[in-house]
Amino acid sequence: MFEILSEKLGKVFRLLGSKGKLTENDIDEGLRQVRLALLEADVHFKVVKDFVARVRERALGAEVQQSLTPGQQVIKIVNEELVATLGNEPGRLIAAGQPPSVAMMVGLQGSGKTTTAAKLALHLKRSGQRPLLVAADNRRPAAIEQLIALGKQIDVPVYSEGTSVSSKDVCAHALSKAKSLATTWLVVDTAGRLHIDEEMMKELSQLKNALKPNEVLLAVDAMTGQDAVRSAEEFHSRVNLTGLILTKLDGDARGGAALSIRWVTGVPVKFIGVGEKMDALEAFYPDRLASRILGMGDVLTFIEKAQSAYDEQQAKQLKKKMETASFDLDDFLSQLRAIKQMGPVGQLLDMLPGVSKLTSRLPEGMEEKQLKKVEAMILSMTPQERQHPAIIGGSRRKRIARGSGVQTHDVNQLLNQFSQMQKLMKMGAKGKLPKNLMGMFR
Ligand SMILES: Nc1nc2c(ncn2[C@@H]2O[C@H](COP(=O)(O)OP(=O)(O)OP(=O)(O)O)[C@@H](O)[C@H]2O)c(=O)[nH]1
Ligand SMILES: [Mg+2]
């Protein structure tokens, strides 16, 4: 969804990064382009204005001017300010002091409340909780049936009564049922309307009184752009939200809502919905999203994708290697081979830091060739060299280049990029990896 924005920002950064010194003019010209790119991506104009002003102030400050690599410093600042705009903290649910905790889903019609309620229940179940879904949308029998069907699919109990019982009573009954089931989290699906109106708000505040939820989560459809931001503002002023869940981020929206909504409403984005399937819900990580937008590669997402091409044994080994930073060129080679099996090479390579730079200079469709080259270089190394790339000095580099029919600078480039990647992986393994992701390696 952020490809165009990412590409435009990448252009600005390449320009800034190539300059030895940055004048005020260079910075202003760079920021002008950043501003245009953000506006084109449908980011709220106030967010853009504030963002650019913050970056400008810091870019003109001492940290950049006295640095040896001013361009890189500006990129670092843009990244930090983008993360700040997105909310700094990763999204997570806050449990109640006493179980059961209650999460109430609210939102406009079709925003994804019911789907997201079930996804959330699955997420809770997978993290060791005992969720209970509550069908408090009693306007249509179909709404109740939809939740029951989803509950079955994910094997989570659903509390429901017919449409004749008021949603407030359903909630009260569900709370007592929760005690007998030893439920730790109730996830309550509510009715949506086409527009925010008095009737809806009255019903929601009645439900809030009955449930005393510790989380009131608004499902907002990211495809609706700035409308999503406006309705979130209004919901928040009426029912006091604790979190936002952006749904349909897998669609082809320009991403403006995702980038603006936290800053405009002040409410944290806790999760993002990225598909119709039950496991298509991800915790929201501002830093991950920012680095993805800025084209710095998303090593975590890469690992997630690579996961499916690895068997479990390999995955376990990989995790251990990352933790101990003993990920070596042999592992790199088997990853490259796994990538080959995974289909659209270009797209996957873009997620890998270092490698994305390596391929961005290549004409379209050249990635396969580049992969073969990298493979040839690694195959020309001795097992010892692959395990300890640090020992590969000048004469070894020449030998490897000769052996694989490339230039020495190709070998240099590969080794530099590999060491960059190793650093990132080490960082990832040291706690920057989200829990659920680590879970997949177990
Ligand atoms: N692609 C995609 N589709 C989604 C996502 N979340 C929800 N949907 C789809 O959006 C449609 C509406 O979702 P629901 O969960 O029924 O929305 P709702 O807010 O409960 O709707 P009402 O109860 O009618 O107000 C369904 O077809 C879902 O499958 C998502 O993250 N990605
Ligand atoms: Mg619904």
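A short reminder: the numbers here are calculations on the coordinates, not readings from a lab. Quick caveat, the model's predicted, so the values are computed rather than measured. Virtual Cβ from ideal backbone geometry, glycine too; neighbours counted across all protein chains shown.
Points to keep in mind about this one:
- Inverse mean reciprocal Cα-Cα distance (Kirkwood Rh) of region 44-124, Å: 16.4
- Estimated inter-spin distance, Arg140 and Lys19, nm [label 7 Å along Cα→Cβ]: 5.5
- Extension gain, Ser164 to Gln72, is 26.8 nm, computed as 0.36 nm per intervening residue step minus the present C-alpha separation.
- Averaging the Cα positions of each part gives two centres, and for region 207-239 and region 53-98 these lie 27 Å apart.
- Residue order, fewest to most surrounding Cβ atoms within 10 angstrom, among His236, His409, His388: His409, His388, His236
- Sites Gln317 and Arg396, calculated FRET efficiency, Cβ-Cβ separation with R0 25 Å, nearest 0.05: 0.45
- The alpha carbons of region 84-179 give a radius of gyration and a Dmax of 14.2, 47 Å, in that order.
- Footprinting exposure proxy ranking of Met223, Met278, Met377, Met104, fewest other C-beta atoms within 10 angstrom first, gives Met278, Met223, Met377, Met104.
- Fewest-first ordering of Ile293, Ile392 by other beta carbons within 10 Å of each residue's beta carbon gives Ile392, Ile293.
- Full extension of the chain between Leu194 and Asn209 gives 3.1 nm of extra length, using 0.36 nm per residue less the Cα-Cα distance.
- FRET efficiency, 1/(1 + (r/R0)^6) with R0 60 Å, evaluated for Thr382 and Lys177 via beta carbons: 0.35
- Order by protection proxy (mean Cβ within 10 Å, highest first), peptides 3-14, 198-209: 3-14, 198-209
- Taking the C-alpha atoms of region 123-273, convex hull volume expressed per residue in Å³: 119
- Relative contact order computed over region 5-116 (Cα-Cα under 8 Å; 6+ residues apart), in percent: 25
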